[in-house]
1. Considering every residue in A:318-331, what mean count of other chain Cβ atoms within 10 Å of its Cβ is obtained?
2. Residues with amide H under 5 Å of B:G307's amide H, sequence separation 5 or more or different chain, H placed in the peptide plane at 1.01 Å from N; which?
3. Size of the stretch A:1-159 along its principal axes in angstrom, Cα-based, largest extent first?
4. Can you tell me the dipole magnitude for the protein assembly as shown around its Cα centre, using point charges on the Cβ only (Lys, Arg +1; Asp, Glu -1), in Debye to the nearest 20?
5. Take peptides A:9-22, B:356-369 and line them up by average Cβ neighbours within 10 Å, highest first, as a rough protection proxy.
6. What list of ³J(HN,Hα) couplings, whole Hz, do you get for the stretch A:24-31 from phi and the Karplus terms 6.51, -1.76, 1.60, once you set θ to phi - 60° and write x for glycine and proline?
7. Find out how many positive minus negative residues lie around B:R513, taking Lys and Arg as positive, Asp and Glu as negative, among other residues whose Cβ is under 12 Å from that of B:R513.
8. With unit charges on the beta carbon (Lys/Arg positive, Asp/Glu negative), name the residue among A:G239, A:T260, A:A283 whose Cα is farthest towards the positive pole of the charge dipole of the stretch A:232-296.
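Throughout, read-outs are computed from the coordinates displayed, never taken from laboratory work. Everything quoted here is computed from the prediction, not taken from an experiment. With ideal geometry, Cβ positions are generated from the backbone for all residues, glycine too; neighbour counts draw on all protein chains shown.
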Amino acid sequence: MSESVSIKLTTKDFKSDQEVRWCPGCGDYAILAAVQSFMPELGIPRERIVFISGIGCSSRFPYYMNTYGMHSIHGRAPAIATGLSVSRPDLSVWVVTGDGDALSIGGNHLIHALRRNVNLKILLFNNKIYGLTKGQYSPTSEVGKITKSTPVGSTDSPFNPISLALGAEASFVARTIDSDRKHLQSVLRAASQHQGSAFIEIYQNCNIFNDGAFDVLKEPATRDDFLIRLEHGKPITFGADGEWCVVHPPGGFGLSVERTAETDQAHVLVHDATVADPAYAFALSRLPDLDLRHTPIGLFRSVDRPAYDNLVREQVTAAQSKLTRGLDEEFAALLGSGDTWTIL
Amino acid sequence: MTKQVRQLDRVVIRFAGDSGDGMQLTGDRFTSETAQLGNDISTLPNFPAEIRAPAGTLPGVSSFQVHFADFDILTPGDAPNVLVAMNPAALKANLRDLPGGADIIVNTDEFTTRNLTKVGYTANPLEDGSLDGYAVHPVGLTSMTVRALADLDVSKKDAERAKNMFALGLLSWMYSRPYESTITFLERKFAARPELVAANIAAFKAGWNFGETTEDFAVRYEVKPAKMSPGNYRNVTGNTALALGVVAARVRSGRPVVLGAYPITPASDILHELSKHKRFDVTTVQAEDEIAAIGVALGASYGGALGVTSTSGPGVALKGETISLAVALELPLIIIDVQRAGPSTGMPTKTEQADLNMALFGRHGEAPVAVIAPKSPSDCFYAVLDAARIALTYRTPVILLSDGYIANGSEPWLLPEIADLPDLSVEFATEPNGPAGEFLPYLRDPKTLARPWAIPGTPGLEHRIGGLEKADKTGDISYDPANHDLMVRTRAARIEAIEVPDIEVEDPDGDARVLVLGWGSTYGPIGAACRALRQRGCAIAQAHLRHLSPMPRNLGEVLKRYDKVVIPEMNLGQLAHVIRARHLIDVIGYNQVRGLPFTAAELETMLEEVVKNV
């Protein structure tokens, strides 16, 4: 993770010269704009920022950022980013991925990056559909989804990306929405200050193949009753007038939603993202119904845990610090270690 | 009793026992003692994939063959002169390889009815006359070891386990080996348990003294030191040499190394060895899978390190897409493939050379890479350095094809002077290179066709790369038909532009009409066969390919000089196929895929037929 230096950059500095080629109306535009205008806040020079992506619509992202970037192969971005991060602690490394890229073909790399807690900011654009291949169901599509590859409905149970990340014991887990720039940037801000892996699920609208998938979270008529905004240290209440609250019913493992007016204030859950046991954040991640009612956004979990790449570097640095001679001499000694003999 | 001492020029000994009997260790120690003496050596371990197969069974037999001589040798030997058989299974599994008259030292304690039945012996071969053609030495290895350790404070089990040291002591006496290094080794190995140091040393000495006193061993042998170039030597396996070569590449290039690897037989030892060398700024990442392993290596190369991944054939199959990405990104990357018998899981501990096609062609699209193959255990060191030179200079993935034979086999290695190793230093791009002050990530060096290596962290050179086809020079995404054609041809030309040394031909009398062409680990057996033929007045030329892609520029001209070209391979003719296609020569293939290296004798017979019929 990079230390900040005093530099003045603007949103424009982060726009590359490449023409952005997502479909008009795609949620990716809003995310790109939010990220580009957030970047100057990092205080990190552009050359020390790297965006690495996999394959999919979202993975075109690096081409549009005027930083270093790599558009790699399907699902492998977390692995490639791990190699970069482990060897270059001076860089700020960001991974951009989608629901198919991160959760289907690259599921293994995602969970292992998270369990290791590599210094990566992972932005998962979840549109619950395969867009680039023109509309097949994805690992986050709901059961029964009618798509090109499931004409009579999908029979796959979807992943809940937040639950999955928490199952891998990710140290930073958050969710935000493409259209809410202020919220999105607040999550990016928190992620940028986190040591280790920061996993951010961004609900993103694919207006061509899955239009309106998240409308209930955006429309004024529904959003207040559907969306739960998590704020650290505050009671979890929602609704236009805070008429709903989240409680932990005695004897149960999960959480439930109750009417605030009928609940003892002392029983309303106060959000604490720093709870060490991932079970709490996991319970939060299970709140939404199939129709997205009771979807929490914000920071589910943010705990301190040693970052893999830091630990690896520490081992290397510790070994290097014990060197008492030059590398050539050390290597000559290594070659000559063990049983050797001399022919005169 | 003074015993007769007989001089020999070469001996092949095979230690064979249960996989839990410590035969690999015994063989290693005997090899080390032999190296101290200055003999030339070549070794061949042969073990099952199962860590502990059921005791006393044929699949559980593990063996270690060592060939040592007073002259320069090329192979671990075709047939053992001496077999040490720790149980009936070891005898049965190895007997067919023994020439008549060979010495067989058997551990009679294990020749019980139960153990004999287990491997299908209906009568005891030590008693039924079936071994009459051999010099059998029945020795109660286990019981004598236990008796020798009776006064020591060790359990019966630990005492029995020391029987391999009794056998080592006996063989060390028989062949007049210096044993100081073994004593030191035992003291180090069991430092935490002094009682085991004492037990193993006592067992070793009991074996030595048994040889000296028993009348069964009337002759003691000596093999004089070989004439070898002056200098410091060590014994080295191919896998260790590969790992040391990677460290050498780090030292000589100044670039840190990141190894991404996933455990796989027979390549895991490279990961084990490199994980010990962090002080050289060598980082090892044991990744979640083969794909992640190469991803880690490629990500590190993107950041300016030398990325390396080590694996075997199944792993290379999984890495194919990432190798293809590295071809498009034009970044340095070394992929080490320690080949094993396939397809699928195949025979993980057995050798084969059947990944050549995969290395050359096993990717989607036109995705040429450099391919290089070491010819012997110690040559693995230099092959990695050469792979690093190519990867760093030409910004390309390089596949290095070792195999199980040289990976686990060993030979003496004249240690190089560090300063004599090639300088692999590289320069990163630091300034814009375009006519208008812009940075063109795909503007090429006119000679090497390599693009600039502009690593993150370099101000002013921010750029994006990826797997989508790139426009010439700018590296922007391009679907232009003419540009794609140009880029495909340029990537191919870049590999062809790699400088590789001309192939050399060994044809001492210069009158051979038959050329035998090999690649990789077959160098030893082919060379030994050619020597034997020449000693009998049969002219034959030998050439060996280290560079499989690109191939040496003089290869076509060399091939055309001979009436017949023979290509022995441990596959069904993969190099032969390429040579036929590229040079329109009807080469003669000689192919065996038994999971074992060729014997010099079989190649000699085959080549003699060819020479006779030219």
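1. Working: counts 2, 7, 4, 1, 2, 2, 0, 0, 2, 9, 6, 1, 6, 11.
For peptide A:318-331, the averaged partner shielding equals 4.
2. Residues meeting the criterion, in which the H sits 1.01 Å from N, are B:V258, B:S301, B:I334.
3. 57, 36, 21
4. Details: 91 positive and 111 negative charges, 88 e Å.
Charge dipole of the protein assembly as shown: 420 debye, to the nearest 20.
5. Numbers: A:9-22: 14.5, B:356-369: 17.9.
Descending packing order for the listed peptides: B:356-369, A:9-22.
6. x, x, 5, x, 4, 4, 5, 5
7. Result for the local shell: -1.
8. The listed residue farthest towards the positive side: A:A283.
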